[in-house]
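The values are calculated or read from the model by the stated rules, or taken from the named source; none is laboratory data. Since the structure is predicted, the reported quantities are computational estimates derived from the model, not experimental observations. Methodologically, a virtual Cβ is constructed for each residue, glycine included, from the backbone with ideal geometry; neighbour enumeration extends over all protein chains shown.
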Amino acid sequence: MKVFTPSDYEWKGTRLALFIERHGYGTLDQLQEDAERDPATFWDRVLQEIGLEWQVPYRQTLDLSGGIMWPDWFVGGRLDLVDNLVGKHARRNGEKVAIRWEGDAGEFRSLTYGDLADEVARVASGLQAIDMRAGDRLAIYLPMIPEAAVVMLAAASIGVVSVPLFSGLSSDAMAKCLADSGATVLICANSHDRRGQPIRMLPVALSAASQCASIRHVIVVDRKPSAGSYGRDQDEFSFGVLGYEALKSLPSHGSGAQSFPPDQTLMLIYTSGTAGRPRAVIHTHAGFPVKAAQDLAMAFDLKADDTLMWVTDMGWLMGPWMVFGGLMLGSTIVLCEAPPDHPDPGRLWRVVKSHGVTHLGFSPSLVRSLMGSHDAVPPPGMLDTLKVFGSTGEAWNETPWLWLFETVGKRRRPIINYSGGTEVGGGILTCFPGLPQVACGFNGPIPGMAADIVDAAGRPVRGTVGELVVRQPWPGMARGFWKDCARYEETYWSRLPDAWLHGDWASMDSDGYWFVHGRSDDTIRVAGKRLGPIEFESALVSHPLVAEAVAVGVPDAVKGEAVVCFVRLHDARTDSDTGWSVWESELSDHVARLLGKPLRPARIHVLGQIPKMRNGKVLRRVLRSAYIGRPVGDLSCMEDPRSIDEVLSLRNAWA
């Protein structure tokens, strides 16, 4: 297998290499072994590395008396989290920029650490003035604007639990989350722009709040005065409606920032999917920020003078992860409200140049989408500040990985493949800057993550695909599901004794590189073989006709399951010029040549647009449900809900 070594990064100068040297581990493998053997010492050293300070020192690093599913971390300690994230940096250098923002039309704003400390204190005081107390839940329905970070930090400073919601949620989906969390306050924007079009958020928020008896106040960030008044007709609501600026001006109540125990609930993050009861992951004051900062330091080599940007939403893991992890390390973070391909595919690279981004993260699907355009290759000098690419959310295939590494990155910048999840609080597997890489693969587990690959009986396997598990707890591990501990235990701990079953298929090759093959519940079983969709998708995008591909398994009366693929073409005219049946046969033959005749797809359909989330992640399960005639659920998380209509029109092709 071909190995790539980015030319601009040296391992010996990275934070991880220096950590290994400073503590006498010798090698990365030795560090992994020692972290598993003596986790308390390892995590004590991690806290030193990320600079976490305690108001009351903890007396015990890890207590497993409640079992591996319910570890207690940093027992007896108390911390002022927001002072670690903002206050101490403001005292050292209040003029350093903490947050940079770019809007849909190219508007800029920035907040220094000093500015951020002041804003957080004012919002925290306002929340106390409307009678929010530690443990109350504050729902956040905002686009990627500085206020989203400010509100989360303000809530944390007084022990209020943040409930960040995806900024494109429908009112019904939001109402479920509000009711489930028991949120008493909802903060929203009245409007925002996306792709040059205004999107009114306030009516959605008010509709959702009206369905939830626990809501006492709706706070509105007034971004567009023309988007409609919220000051009139308040008698029709059972809650008060208050402007964000008015909230900050309320008379001070309470004592301001406080210290809290490490297991104080910090945040509830709702995972994707809205069918049935919503599932909220609990993260804590110490666990989530420690995991985010550790991953950024060790996996991404982020330092205080770096600038981090991830293409995400504050309602998804990577939004809060960027805020809590990036600020813990004293870095600058960039919140970009604009889609990365609007008004053209070069927008993302211009944002990098404008804000001096050093670490840029996105999903592999975004790269697949960009590489289909000739305008997506950055001109010389556009990425001069960029050191590291990051990617997460799904498995890579080789063609887009190589395009990013060679065409965009010029073989100079590592691609940090980062795989974990909302319940993990960050990553399990990663690459490390300065070490050789293979396309689509990982160097291995992040230090402190006792990962393994096992068969159905829990026995380690190598050279074949198995289930990804973690055998020891870590600080960022979910503190269960909100109001549903049994569901949490059943989801992750019920199949194998004392092992977190993550739900991903993974493998390790003979050279020690790890690979993730997709979600185990996305697995396709064909001709007696179990495969992830990525194998079919990689084969298809290796054909010069195909820009993007998605593969799903569908019920088949004879075989049990068959493979159906969907593709977007580089040139849409190809579909009509020759007749799609000819090209479908060509692509099916191409897959059969690469994977074997028994794995030839049953059908390949061409789409004008692949259904995706706003961060570019492909919605395979939604696509599959639409194709086979099952309910698709709430589609508000999609970049363009209309993209599913084309799939719905194909139902008869399989039925």
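Within the stretch 345-357, can one find any residue that is more than 19 Å from the chain's Cα centre (by Cα) and free of Cβ contacts under 8 Å to residues at least 24 places away in the same chain?
yes
If I ask for residues that are more than 30 Å from ALA98 (Cα to Cα) and not aromatic (Phe, Trp, Tyr), which ones from the stretch 62-88 would you list?
LEU62, ASP63, LEU64, SER65, GLY66, GLY67, ILE68, MET69, PRO71, ASP72, VAL75, GLY76
Here is a list of conditions, (1) crowded, with 20+ Cβ neighbours inside 10 Å; (2) more than 19 Å from the chain's Cα centre (by Cα), and VAL461 meets all of them except one; can you say which number that is?
Only one criterion is unmet by VAL461, namely (1).
For the stretch 120-141, how many residues meet the condition of being over 25 Å from the mean Cα position of the chain (by Cα) and hydroxyl-bearing (Ser, Thr, Tyr)?
Count: 1.
For HIS217, work out the one condition from (1) surrounded by 18 or more Cβ atoms within 10 Å (Cβ to Cβ); (2) within 27 Å of the chain's Cα centre (by Cα) it doesn't fulfil.
(2)
Take the residues of the stretch 5-33 that are free of Cβ contacts under 8 Å to residues at least 12 places away in the same chain and part of a helix (DSSP H, G or I): which is surrounded by the most Cβ atoms within 10 Å (Cβ to Cβ)?
Among them, the one singled out is ILE20.
Would you say GLU561 is assigned to a strand (DSSP E or B), in contact with a Lys or Arg (Cβ under 8 Å, 6 or more places away or on another chain) and either farther than 16 Å from ALA395 by Cα or modelled with pLDDT under 85 (or both)?
The answer is yes for GLU561.
So, PRO601, is that one at pLDDT 85 or above, touching a helix residue (DSSP H, G or I) at 6+ places or on another chain (Cβ under 8 Å) and farther than 30 Å from ASP193 by Cβ or not?
Yes.
Evaluate the following for SER643: is it polar (S, T, N, Q) and modelled with pLDDT of 85 or more?
Against the criterion (polar (S, T, N, Q) and modelled with pLDDT of 85 or more), SER643 does not qualify.
Report, by residue number, each residue of the stretch 442-460 that is modelled with pLDDT of 95 or more, in contact with an Asp or Glu (Cβ under 8 Å, 6 or more places away or on another chain) and either assigned to a loop (DSSP other than H, G, I, E, B) or hydroxyl-bearing (Ser, Thr, Tyr) (or both).
ILE446, ALA450 - these are the residues of the stretch 442-460 that are modelled with pLDDT of 95 or more, in contact with an Asp or Glu (Cβ under 8 Å, 6 or more places away or on another chain) and either assigned to a loop (DSSP other than H, G, I, E, B) or hydroxyl-bearing (Ser, Thr, Tyr) (or both).
Can you run down the residue pairs with Cβ atoms below 8 Å, 6 or more apart or on separate chains, where the first is in the stretch 618-635 and more than 24 Å from THR392 (Cα to Cα) and the partner is part of a strand (DSSP E or B)?
Every condition considered, the pairs that remain are TYR627/VAL552; TYR627/VAL554; TYR627/VAL564; ILE628/VAL554; ILE628/PRO555.
Give all pairs with beta carbons closer than 6 Å in which a residue from the stretch 114-128 that is assigned by TED's automatic domain parsing to the domain that holds MET152 meets a residue that is modelled with pLDDT under 95 and surrounded by fewer than 22 Cβ atoms within 10 Å (Cβ to Cβ); count only pairs at least 6 apart in sequence or on separate chains.
Note: pairs meeting the criteria are SER125/SER252; GLY126/LEU250; GLN128/HIS253; GLN128/GLY254.
Out of curiosity, is ARG525 among the basic types (Lys, Arg), touching a strand residue (DSSP E or B) at 6+ places or on another chain (Cβ under 6 Å) and within 26 Å of THR284 (Cβ to Cβ)?
Taking the combined requirement at face value, the residue does not satisfy it.
Quick check on my filter: what residues within the stretch 595-647 are part of a helix (DSSP H, G or I), out of contact with any strand residue (DSSP E or B) (no Cβ under 9 Å at 6 or more places or on another chain) and under 23 Å from THR271 (Cβ atoms)?
SER625, ALA626, listed by residue number.
Condition (residue is loosely packed, with under 13 Cβ neighbours inside 10 Å and in contact with a Gly (Cβ under 7 Å, 6 or more places away or on another chain)) applied to the stretch 103-113: is it met by at least one residue?
No; the residues of the stretch 103-113 include none that is loosely packed, with under 13 Cβ neighbours inside 10 Å and in contact with a Gly (Cβ under 7 Å, 6 or more places away or on another chain).
With the condition kept exactly as written, say whether any residue in the stretch 160-183 is over 24 Å from the mean Cα position of the chain (by Cα) and surrounded by 19 or more Cβ atoms within 10 Å (Cβ to Cβ).
No, there is no match, as no residue in the stretch 160-183 is over 24 Å from the mean Cα position of the chain (by Cα) and surrounded by 19 or more Cβ atoms within 10 Å (Cβ to Cβ).
If we keep just the residues of the stretch 534-568 that are more than 23 Å from CYS440 (Cβ to Cβ), out of contact with any Pro (no Cβ under 7 Å at 6 or more places or on another chain) and not small (Gly, Ala, Ser), which is surrounded by the fewest Cβ atoms within 10 Å (Cβ to Cβ)?
VAL558
For GLY67, state whether it is in contact with a strand residue (DSSP E or B) (Cβ under 7 Å, 6 or more places away or on another chain), surrounded by fewer than 18 Cβ atoms within 10 Å (Cβ to Cβ) and over 25 Å from ASP301 (Cα atoms).
So GLY67 does not fit the description; no.
Out of curiosity, is LEU531 of a type in the set (A, V, I, L, M), surrounded by fewer than 21 Cβ atoms within 10 Å (Cβ to Cβ) and in contact with a Lys or Arg (Cβ under 9 Å, 6 or more places away or on another chain)?
no
Cβ-Cβ under 6 Å, sequence separation 6+ or interchain: first residue in the stretch 293-317 and β-branched (Val, Ile, Thr), partner in a helix (DSSP H, G or I). Which pairs?
Hits for this filter: THR312/MET318; THR312/GLY319.
Out of the residues in the stretch 192-204 that are buried (at least 17 other Cβ atoms within 10 Å of the Cβ) and in contact with a helix residue (DSSP H, G or I) (Cβ under 7 Å, 6 or more places away or on another chain), state the one that is nearest to GLU147 (Cα to Cα).
LEU202
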